[in-house]
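The values are calculated or read from the model by the stated rules, or taken from the named source; none is laboratory data. Fair warning: this is a prediction, and the values are worked out from it, not measured in the lab. Glycine also receives a Cβ, built like all others from the backbone with ideal geometry; neighbour counts cover every protein chain displayed. When the accessible area is computed, the model is the full protein with side chains, heavy atoms only, and any ligands, DNA or RNA have been set aside. Shrake-Rupley method; radii C 1.70, N 1.55, O 1.52, S 1.80 Å.
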Amino acid sequence: MNIRSLTRGDGVVIGAAVLLFIASFLDYYSVDNCGRFCDSLKLPNAWSTDELFLVLPSVILTGLIGAILIIAARFQPAGRKLAGLSLDQWGAGLTMAAAWSSIWSLLVMPEKASAGIGSILGVIATLALAAAAVLTPRVPALKAGLLPAAGPK
């Protein structure tokens with residue numbers, strides 16, 4: 001395992017995955033004008049599968065698994081494929097699906113609820129994941145090494 005094989009795009013993927021993981025623990029919805037009931041409201045996060053049963057698998061886990069596949073592809077021998085696609089291609093597809101699901105989850109908010117900090121950070125993280133996954137092979141600045149080459153001291 002050579003950490004010097006990671007690119008700047010991989011750094012963006014790792015950072016966005018960490019942000020997505022943190023966002024999964026924050027309130028997914030917020031409620032305005034709740035009056036005297038504001039203190040008694042318990043707003044769900046993405047791990048509350050009773051209230052938000054599809055957010056965890058379709059946004060959070062799909063995005064995290066996609067990021068893991070992208071990073072794992074850097075440590076695998078070239079040419080290794082799964083069902084005809086490389087691991088980073090599978091990861092890019094999963095991150096695109098997570099980005100679409102996170103955007104869609106903002107569009108179908110419950111009545112009288114608005115986007116919470118968890119859903120907003122989740123959208124930002126999944127969009128960054130998808131952008132880094134798709135653009136890293138094509139943008140030279142993202143293909144550059146994350147760490148500089150080791151030299152004599």
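Can you tell me how the range 78-117 classifies by the Cα gyration tensor, rounded, prolate or oblate, using a/c under 1.5 as the rounded cut?
Prolate shape, in that a/c is at least 1.5 and a/b is the bigger ratio.
Dividing the Cα convex hull volume of the chain by residue count, how many Å³ per residue is that?
Convex hull volume per residue, Cα atoms: 147 Å³.
For Met109, Met96, give me the order by solvent-accessible area with a 1.4 Å probe, most accessible first, ignoring ligands, DNA and RNA.
Highest to lowest solvent-accessible surface, that is Met96, Met109.
Would you work out what percent of the accessible area of the chain, with all protein chains in place, is carbon or sulfur (probe 1.4 Å)?
Its accessible area is 67 percent carbon and sulfur atoms.
In degrees, nearest 10, range 0 to 90: what is the angle between the Cα axis of helix 62-74 and the longest Cα principal axis of the chain?
Roughly 10 degrees, rounded to the nearest 10.
Taking the chain as the reference, fit the longest principal axis to its C-alpha atoms, fit the long axis of helix 117-135 to the helix C-alpha atoms, and give the angle between the two in degrees, 0 to 90, nearest 10.
Helix 117-135 sits roughly 20 degrees off the main axis of the chain.
In Å², what does the accessible area per residue of the chain work out to with a 1.4 Å probe? If you can, show how the numbers build up before the last one.
Working: 9180 Å² over 153 residues.
For the chain, the per-residue accessible area is 60 Å².
Tell me which residues come under 5 Å, amide H to amide H, from Leu6 once H is placed; ignore anything under 5 positions away on its chain.
Result for Leu6 returns Leu146.
Loop only by DSSP, 11 or fewer other Cβ within 10 Å of the Cβ. Give me the chymotrypsin sites (Phe, Trp or Tyr not before Pro) in the range 50-153 that pass, ordered by residue number. Write down the numbers at each step before the final one.
Working: sites: Phe53, Phe75, Trp90, Trp100, Trp104; in loops: Phe53, Phe75.
Loop-located and lightly packed - Phe53.
What net charge is computed for the residues neighbouring Ser119, neighbours being all others with C-beta under 14 Å from the C-beta of Ser119, Lys and Arg scored +1, Asp and Glu -1? Don't skip to the end; give the middle numbers.
On the way: positive: none; negative: Asp27, Glu51.
Once positives and negatives cancel, what remains is -2.
Name the residues whose placed amide hydrogens come within less than 5 Å of the amide hydrogen of Ala115, ignoring near sequence neighbours (fewer than 5 apart) on the same chain.
Ser30
For the range 79-144, what is the Kirkwood hydrodynamic radius in Å, using each pair of distinct C-alpha atoms?
Taking every pair of different Cα atoms in the range 79-144, averaging 1/r and inverting gives 13.4 Å.
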